[in-house]
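Taking it in order: structure first as structure tokens, then the write-up.
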Amino acid sequence: MDEMTNKNVEVDQFMAALDHPQKETIEYLRAAVLGSDPGITEHVKWKAPSFLRAGEDRVTFQLRAKKGIQLIFHRGAKVKDDQADFRFTDESGLLDWISSDRATVIFQDLDDVKANEEAFVTLVRSWVNT
């Protein structure tokens, strides 16, 4: 980890080598996620940056999405026993639910991210603390 931030050198290296048409948008989103909560850390998982809270993956980029930049909001790599009872209120309207405890957020480009940044940061902060 960097001394002054919750950035991870492994992710820095991954991003330096990344050849992606929306790399600037990915970097912007990375900074937004890391800045949303001081307890969030990062690593590379599933060939993309993934963000952890209390050692558990919670938000992961899906860099092979056909349109835009996709982030997967989840509660770890494995389905939790309480999946059927899990409830989360998305006041942002950004989440597209895949299952009762897994959702995606898709941004078309950097302008879309900036237009929804405040709602996104609030969403991340709330999600990682549930």
Within segment 5-24, residues being modelled with pLDDT under 95 and more than 28 Å from residue 115 (Cα to Cα) number 1
Inside segment 106-129, the number of residues satisfying the requirement of being more than 13 Å from the chain's Cα centre (by Cα) and under 22 Å from residue 75 (Cβ atoms) is 2
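The values are calculated or read from the model by the stated rules, or taken from the named source; none is laboratory data. As the structure is a computational prediction, the values presented were derived from the model and not from experiment. FYI the Cβ positions are ideal-geometry reconstructions off the backbone, even for glycines, and counts take in every protein chain you see.
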